[in-house]
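Peer 1: Once you've had a glance at the structure underneath, I'll fire off some questions.
Read-outs throughout are calculated quantities, based only on the coordinates presented, and are distinct from any laboratory measurement. Quantities reported herein were computed from a predicted structural model and do not represent experimental measurements. Methodologically, a virtual Cβ is constructed for each residue, glycine included, from the backbone with ideal geometry; neighbour enumeration extends over all protein chains shown.
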Amino acid sequence: MRRKCKCGKKLYGYGDGVHEVWVCYKCGRFVGNAGGDPIFACMLQTEPHAIMDLIHERCLKPIESEKNGR
Ligand SMILES: [Zn+2]
């Protein structure tokens, strides 16, 4: 399943099995799936930098769009 941003560029997905976030490095858009976690959902809206930190710390790992896990 491939995801694309509205700007036409690829979205890069990161996740930890529950939470998912898709980032466009072209225009900086975020698409998040909090997996029902209200704290994560809040972070997506108010603290995108915290999400980027999670990615950099590899708490959220790259999702390979070629493989369909489920
Ligand atoms: Zn974009």
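Peer 1: Along Cα→Cβ, 7 Å out, is where each label goes; now give me the distance between the ones at ARG3 and VAL18 in nm to one decimal.
Peer 2: 1.8 nm
Peer 1: How big is the dipole moment of the chain about its Cα centre under a simple scheme where the beta carbon of each Lys and Arg is +1, that of each Asp and Glu is -1, and everything else is neutral? Debye, nearest 20, please.
Peer 2: Numbers: 12 positive and 8 negative charges, 120 e Å.
Charge dipole of the chain: 580 debye, to the nearest 20.
Peer 1: Sorted from fewest to most neighbouring beta carbons within 10 Å, what does the list TYR12, TYR25 look like?
Peer 2: Working: TYR12 16, TYR25 11.
In increasing order of surrounding Cβ atoms, one gets TYR25, TYR12.
Peer 1: Where in the chain are there GluC sites (Glu not before Pro) that are in a DSSP coil and have at most 11 other Cβ atoms within 10 angstrom of their Cβ? Walk me through the intermediate numbers first.
Peer 2: On the way: sites: GLU20, GLU57, GLU64, GLU66; in loops: GLU57, GLU64, GLU66.
Within the chain, the qualifying GluC sites (Glu not before Pro) (loop, at most 11 other Cβ atoms within 10 Å) are GLU57, GLU64, GLU66.
Peer 1: Work out, in µm²/s and without decimals, the Stokes-Einstein translational diffusion coefficient of the chain at 4 °C, 1.567 mPa s, Rh from Kirkwood over C-alpha pairs. Numbers along the way, then the final one.
Peer 2: Details: Rh = 12.3 Å.
It diffuses with D of about 106 µm²/s by this estimate.
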